[in-house]
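First the structure, in the form of structure tokens, and then the observations on it.
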Amino acid sequence: MYDVIIIGAGPAGLTAGIYAARGGLKTAIVELAMPGGQAASTENIENYPGFPDGINGYELMNLFHKQALNFGVQFIFEEVRELDLKEPVKKIHTAGQVLEAHAIIVAAGSKPRLLGVPGEDVFKGRGVSYCATCDGAFFRGKKVVVVGGGDAAIQEGLYLTNFAEEVIIVHRSAGLRASQIAINRAKDNPKI
């Protein structure tokens, strides 16, 4: 029996876990994949205080993970299949067990938005990627299209210029939603 179980080990889930465990609560985090969520696959995080030159997302999330472990957070790497929240003791059914807690925090994070175009699912991992940091080297010397106009898309596009011959950013609106510094870097990069 836990005091609190957090679903999701992205930045929000890890932070909640650190605060709960530091406060003396018996805490667990349930995560299907690795700690850090999408932030762990970000090449450079520049808007996190204390790192004036930015920090690699994997490195930052690894620090979050270590800090959570230091405070005694238990990590359970399983898929959550069902929640039972009706009783005072909450239950989480995973692929392999039933966990109980007095409170549950859902910090499930986000997933890349799919385009819904024909062939997208067929070519995932064979030309269609959702992680430039993970797959950038596969696009060495190629022309690459990044879809989106927010910070994530622009940062991924900038990172891909380390490998690709050319990066084309496609966005559905007239203007980009990314931060001005990211937009300026993209405009100044001859490969974009």
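Surrounded by 15 or more Cβ atoms within 10 Å (Cβ to Cβ), assigned to a loop (DSSP other than H, G, I, E, B) and out of contact with any strand residue (DSSP E or B) (no Cβ under 6 Å at 6 or more places or on another chain): which single residue out of GLU43, GLU78 fits that description?
Of GLU43, GLU78, the one residue that is surrounded by 15 or more Cβ atoms within 10 Å (Cβ to Cβ), assigned to a loop (DSSP other than H, G, I, E, B) and out of contact with any strand residue (DSSP E or B) (no Cβ under 6 Å at 6 or more places or on another chain) is GLU43.
Tell me, which residue of region 81-100 that is part of a loop (DSSP other than H, G, I, E, B) and of a type outside the set (A, V, I, L, M) is surrounded by the fewest Cβ atoms within 10 Å (Cβ to Cβ)?
Among them, the one singled out is PRO88.
Return only the number of the condition from (1) under 22 Å from the mean Cα position of the chain (by Cα); (2) under 30 Å from TYR2 (Cα atoms) that GLN155 does not satisfy.
So GLN155 meets the others, but not (2).
I need the full set of residues from region 52-68 which are hydrophobic (A, V, I, L, M, F, W, C) and assigned to a helix (DSSP H, G or I), in order please.
LEU60, MET61, LEU63, PHE64, ALA68
Give the residue, chosen from GLU82, GLU78, that is at pLDDT 95 or above, among the charged types (D, E, K, R) and within 19 Å of LYS111 (Cβ to Cβ).
Sole residue among the options that is at pLDDT 95 or above, among the charged types (D, E, K, R) and within 19 Å of LYS111 (Cβ to Cβ): GLU78.
Here is a check on your reading of the model: is LEU115 in contact (Cβ under 8 Å) with a residue 24 or more places away in the chain, over 18 Å from the mean Cα position of the chain (by Cα) and under 22 Å from GLU156 (Cβ atoms)?
Yes, satisfied.
Kindly list the number of the only condition in (1) over 30 Å from ALA20 (Cβ atoms); (2) of a type in the set (Ser, Thr, Tyr); (3) at pLDDT 95 or above that fails for SER129.
Result: SER129 fails condition (3) only.
Quick one: would you say PRO118 is farther than 15 Å from ASP3 by Cα and either outside the structural domain of ALA39 (by TED's automatic domain parsing) or not polar (S, T, N, Q) (or both)?
yes
Yes or no: region 26-46 includes at least one residue that is of a type in the set (A, V, I, L, M, F, W, C) and over 19 Å from GLY109 (Cβ atoms).
No, region 26-46 has no match at all.
What are the residue pairs meeting all of these: first residue in region 42-60, first residue more than 16 Å from ALA132 (Cα to Cα), second residue of a type in the set (S, T, N, Q) and in a helix (DSSP H, G or I), Cβ atoms under 9 Å, and 6 or more apart or on different chains?
GLU46/GLN155
The values are calculated or read from the model by the stated rules, or taken from the named source; none is laboratory data. Predicted model only: the values in this text are computed from it and were never measured. Heads up, the Cβs are rebuilt from the backbone with ideal geometry, glycines too, and the neighbour counts pull from every protein chain shown.
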